[in-house]
Amino acid sequence: MDISHTEENYLKAIFKISERNGKPASTNAISNEMNTTAASVTDMVKRLSDKTLIHYERYRGVTLTGQGEQIATHLIRKHRLWEVFLVDKLHFSWDEVHEIAEQLEHIKSKRLVERLDEYLGFPKFDPHGDPIPDADGNFTIRKQALLSELKTGEQGPVVGVHDHTTAFLQYLDRMELVLGTTVKVLEYFEYDESMRVLINNEREQLLSKKVCQNLFVQKQ
């Protein structure tokens, strides 16, 4: 089946929305994810439905068929492997790689992806802490929680980010809150839901509610 880059991007968006929300993707959610109009989403939903890549139920939303999910998962696999390559081998920073990987993910060669995975040592997670599906589409599940969910005295290493925007990643770099950084909750402020934390057992830092709600940690 001939699938355009735009169609692939829609399938990936639907997969991510459904994974994030645990329910079918609404047309409004797809419109926001793709930064496009509702009319464009409606047209694409019909096109993908005609190709039996999605199921659409009015008032319920969009879900992927088995074939649609396979395409979306493979696209995510390529995207995240390319991000690992760009960071680990070409020394891009983690806030620079998303747009480049968006282009590289549409390369069709299955052999290239298999060689890339092997060359990188079969990584399980990308530079942002997101799981990389294997060749069969299986994701590695890791116990993690948002920093905002930790209680006073709990700690763990930063293992991922919920917000992938360039501004947030650059902010984390400036705050030295990259993956692997150990964060311990010292105090929670009910007034604004901020947290005073200890970073790498060395320095204290006050983190806003927004930051705490966008950092994943692995509780120890």
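Odds and ends about this structure:
- Test: residue in segment 118-137 that is within 27 Å of Asn201 (Cα to Cα) and modelled with pLDDT under 95: no
- Filter result (touching a His at 6+ places or on another chain (Cβ under 9 Å) and in a loop (DSSP other than H, G, I, E, B)) within segment 136-157: Gly137
- When residues of segment 62-97 are limited to those that are in contact (Cβ under 8 Å) with a residue 24 or more places away in the chain, touching an Asp or Glu at 6+ places or on another chain (Cβ under 9 Å) and not in a helix (DSSP H, G or I), the one farthest from Gly129 (Cα to Cα): Thr63
- Close pairs from segment 11-38: first closer than 15 Å to Arg58 by Cβ, partner assigned to a loop (DSSP other than H, G, I, E, B), Cβ under 7 Å, at least 6 apart: Pro24/Arg60
- Just one residue in the set Arg80, Arg58 is surrounded by fewer than 16 Cβ atoms within 10 Å (Cβ to Cβ) and out of contact with any helix residue (DSSP H, G or I) (no Cβ under 7 Å at 6 or more places or on another chain); that residue is Arg58.
- Leading residue by the ranking (nearest to Phe139 (Cα to Cα)) among those in segment 17-45 that are surrounded by fewer than 17 Cβ atoms within 10 Å (Cβ to Cβ) and of a type in the set (D, E, K, R): Glu19
- Residue that is surrounded by the most Cβ atoms within 10 Å (Cβ to Cβ) [pool: residues in segment 170-201 that are of a type in the set (A, V, I, L, M, F, W, C) and farther than 29 Å from Val97 by Cβ]: Val185
- Taking first residues from segment 123-143 that are over 13 Å from Lys78 (Cα atoms) and partners that are aliphatic (A, V, I, L, M) and part of a loop (DSSP other than H, G, I, E, B), the Cβ contacts under 7 Å between residues at least 6 apart in sequence or on separate chains come to Gly129/Leu179.
- Number of the exception - Gln144 against (1) under 19 Å from Gln205 (Cα atoms); (2) touching a Gly at 6+ places or on another chain (Cβ under 8 Å): (1)
The values are calculated or read from the model by the stated rules, or taken from the named source; none is laboratory data. Remember, it's a predicted structure, so these values are computed and weren't measured experimentally. Cβ atoms come from the backbone with ideal geometry, glycine included; neighbour counts cover every protein chain shown.
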